[in-house]
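First the structure, in the form of structure tokens, and then the observations on it.
The values are calculated or read from the model by the stated rules, or taken from the named source; none is laboratory data. From a predicted model like this one, the values you see are computed outputs, not experimental measurements. As a convention, Cβ positions derive from the backbone with ideal geometry for all residues, glycine included, and neighbour counts pool all protein chains shown.
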Amino acid sequence: MGQITLSSITKSFGDVNVIPPLDLTINDGEFVVFVGPSGCGKSTLLRLIAGLEDISSGKIEIDGRDATDAAPAERGLAMVFQSYALYPHMSVRKNIAFPLKMAKMPQAEQDRKVENAARILNLSSYLDRRPGQLSGGQRQRVAIGRAIVREPAAFLFDEPLSNLDAALRVTMRQEISELHQTLKTTMIYVTHDQVEAMTMADKIVVLNAGRIEQVGSPLELYRSPRNLFVAGFIGSPK
Ligand code: ADP
Ligand code: MG
């Protein structure tokens, strides 16, 4: 579970084409990073995969099923938002349980899933606190917990660390990488930060004006950048 195939997908907003025909396969369990400069279409691409925006043409398959017209909730994917998307008036427990409550899951099952996610994220002793009583890193972990309880086929992250300070960003990078090793679930991670891409990815997708310039492992991109854009962006010699 967790294979995503994009076939000739495009996206235009009105007359403006943001994603020209694009093909990409994301394999089950991969940690894939979309990297590129601001405005290159990273968020749009992620939102198309999540179903938060409709593609203009093409096909999206998730685990072999045609998901092109599927609603976001039907895709089995979980978007991780920045920590400020938490509900300030709700406890950590209620914040994490929120998607399960919406799905009307029985309470005992909700509790079990929330406690399991809290254990994975080292939040067990904070379940009764409110987000305002937590550190920035803990808050980000709560936001991730809200995705974990849904047991998604893939996690989608859109620059989740961009509002954290530099030291905390380094810690959280490591925590998300460890989470990937624990869960072994597909993760798609959007960033404009080359260091984040190089340290976290199994596979990097370098985007430029909506086009894929190159796909490869961090080492492949560093050693054999296909063009000057990739070389310049990744900081490799060419
Ligand atoms: P990134 O996440 O890489 O910074 P985005 O995906 O947010 O880039 O944006 C890519 C391009 O699409 C930008 O030129 C942006 O202005 C445009 N865009 C994004 N969303 C919309 C929208 N809802 N309506 C019109 N243009 C949009
Ligand atoms: Mg963006």
Mind telling me which of the residues ARG129, ARG146, ARG139 ends up being part of a loop (DSSP other than H, G, I, E, B), more than 16 Å from ligand 2 (Cβ to nearest atom) and among the basic types (Lys, Arg)? ARG129
Please go through region 7-30 and pick out each residue that is of a type outside the set (S, T, N, Q), surrounded by fewer than 21 Cβ atoms within 10 Å (Cβ to Cβ) and either without any contact (Cβ under 8 Å) to a residue 24 or more places away in the chain or assigned to a strand (DSSP E or B) (or both). PHE13, GLY14, ASP15, VAL16, VAL18, PRO20, PRO21, ASP23, LEU24
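Checking the structure you have, find out if any residue of region 175-188 is closer than 24 Å to ALA154 by Cβ and within 16 Å of ligand 2 (Cβ to nearest atom). It would help to see each step written out before you state the result.
Here is the first cut: in region 175-188, the ones closer than 24 Å to ALA154 by Cβ are 175-188.
This time we only want the ones that are within 16 Å of ligand 2 (Cβ to nearest atom), so: 188.
Taking every residue of region 175-188 in turn, at least one turns out to be closer than 24 Å to ALA154 by Cβ and within 16 Å of ligand 2 (Cβ to nearest atom).
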Within 16 Å of ligand 1 (Cβ to nearest atom), of a type outside the set (A, V, I, L, M) and crowded, with 16+ Cβ neighbours inside 10 Å - does that describe any residue in region 221-234? yes
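Output the number of residues of region 177-212 satisfying the condition of being within 16 Å of ligand 1 (Cβ to nearest atom), part of a strand (DSSP E or B) and crowded, with 22+ Cβ neighbours inside 10 Å. Don't jump to the end; show me each part of the working.
Start the filter on region 177-212 by keeping residues that are within 16 Å of ligand 1 (Cβ to nearest atom), which leaves 188-194, 196-197, 204-212.
Going one step further and asking which of them are part of a strand (DSSP E or B), we end up with 188-191, 204-208, 211-212.
Cutting the leftovers down to crowded, with 22+ Cβ neighbours inside 10 Å gives us 188-191, 204-207.
Going through region 177-212 one residue at a time, the tally reaches 8.
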Take the conditions assigned to a loop (DSSP other than H, G, I, E, B), more than 21 Å from the chain's Cα centre (by Cα) and either under 23 Å from LYS203 (Cα atoms) or touching a residue at least 24 places away in the same chain (Cβ under 8 Å) (or both) and apply them to MET105. Does it pass? no
Need pairs with beta-carbon distance below 9 Å; first residue over 17 Å from ILE26 (Cα atoms) and within region 38-50, second within 9 Å of ligand 2 (Cβ to nearest atom) and among the small types (Gly, Ala, Ser); sequence gap 6+ or separate chains. none
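Counting only residues that are among the small types (Gly, Ala, Ser) and assigned to a helix (DSSP H, G or I), which one in region 213-236 is farthest from ligand 2 (Cβ to nearest atom)? Break it down into steps so the answer makes sense when it comes.
Here is the first cut: in region 213-236, the residues among the small types (Gly, Ala, Ser) are 216-217, 224, 231-232, 235-236.
Then drop every residue that is not assigned to a helix (DSSP H, G or I), which leaves 231-232.
Values: ALA231: 23, GLY232: 20 Å.
Step by step, filter region 213-236, then rank; the result is ALA231.
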Close pairs from region 153-165: first within 16 Å of ligand 2 (Cβ to nearest atom) and part of a strand (DSSP E or B), partner modelled with pLDDT of 95 or more and aromatic (Phe, Trp, Tyr), Cβ under 9 Å, at least 6 apart: LEU156/TYR189; PHE157/TYR189; ASP158/TYR189
